[in-house]
């Protein structure tokens, strides 16, 4: 007797071929959706290998606890061809409970990730630097102007020397006017060899352009030159 | 850190050995000043430059056109564009991308100012090309 799975009134031959397109980009809008994904997708099925871009949205829904991490880390590891990570609404600083575990969550993508986009995130300079250091293949970084720096403790401000490979950060850097101002010191501590730079022209913009000038192929100034508002 | 006026930024000219595309946008016509005072002086040399892309945003209005015709800064913009074109090894294409809005009725008025006949001949002579979008 044939099982139910093999009985179908429509053709199924397209499903395998189409998965690489259907699953190329996945958005997980909340932590509950992540749990739903993990409850419905078998990490050994190979489905996650089709995902090249993942958008994770926090908005205070994520729980970075050690027991959940232990439960989910092999799901994260199953995204073994992930190239682009979009983080939306994440809060990555010492004020977040178990914030120190964040690298262990996203570090699962370290062997393949080339593009990181941060949108509407609050993060400490040290967390931003940790993320830059976390992915050895990282070439493209975007940090939009809805992101802002949070400093709860002196540790949030502490930056470390970069020890990674110098052959990356060769793609595109896109920054907003405030984010460049707040995170410039973190950026200046990694080997910047960007080919494309999108920034505003102000004191910090001038500085980052100067550093990237030897390798820049595309320079895009957003908006009019603007003065730096005072740091509160 | 004290507040700093953008006009106080000391622009140190930089060499861009690999730069191919230089892009920026202008909206209100006061943006001629940033071009003259900041953007162009920043580029000391760009031998591989092939495209200068200027987007004129929807902030531009018909009423800006007469003002622009009298803008003294525009001559300097022309000179700088010709400098970049003549300093490049190959042809530099100036792409003028004008976004129409309810307050800007005709792109041609803007093109006429950005690429008037005198500038056009000077820019072509310097090895440039102009493309309108």
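Taking only the range B:101-117 into account, find how many residues are touching a helix residue (DSSP H, G or I) at 6+ places or on another chain (Cβ under 8 Å) and exposed (fewer than 14 other Cβ atoms within 10 Å of the Cβ).
Here is the first cut: in the range B:101-117, the residues touching a helix residue (DSSP H, G or I) at 6+ places or on another chain (Cβ under 8 Å) are B:104, B:109-110, B:113, B:115.
Okay, now just the ones that are also exposed (fewer than 14 other Cβ atoms within 10 Å of the Cβ), so none.
Adding up the residues that qualify gives 0.
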> Considering the range A:178-209 alone, what residues qualify as being out of contact with any strand residue (DSSP E or B) (no Cβ under 8 Å at 6 or more places or on another chain), assigned to a helix (DSSP H, G or I) and under 22 Å from residue A:124 (Cβ atoms)?
Replying inline: A:184, A:185, A:186, A:188, A:207
>> Could you list, ordered by first residue, the pairs with Cβ atoms under 6 Å in which the first is in the range A:180-195 and without any contact (Cβ under 8 Å) to a residue 24 or more places away in the chain and the second is part of a helix (DSSP H, G or I) and surrounded by 17 or more Cβ atoms within 10 Å (Cβ to Cβ), at least 6 apart or interchain?
In response: A:192/A:211; A:192/A:212
>> Among the numbered criteria (1) within 11 Å of another protein chain (Cβ to nearest Cβ); (2) buried (at least 17 other Cβ atoms within 10 Å of the Cβ), which one does residue B:98 miss?
In response: (1)
> Among the residues of the range A:105-115, is any modelled with pLDDT under 90 and in contact with a strand residue (DSSP E or B) (Cβ under 8 Å, 6 or more places away or on another chain)?
Replying inline: yes
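May I ask you to say which residue of A:102, A:68 is more than 19 Å from the chain's Cα centre (by Cα) and modelled with pLDDT under 85? Lay out the reasoning, then the answer.
Working: A:102 fails: more than 19 Å from the chain's Cα centre (by Cα).
Testing whether each residue is more than 19 Å from the chain's Cα centre (by Cα) and modelled with pLDDT under 85 leaves just A:68.
The values are calculated or read from the model by the stated rules, or taken from the named source; none is laboratory data. This structure is a prediction, so every number in the text was calculated from the model and none was measured. Ideal geometry is used to build each Cβ from the backbone, glycine not excepted, and the neighbour counts take in all protein chains shown.
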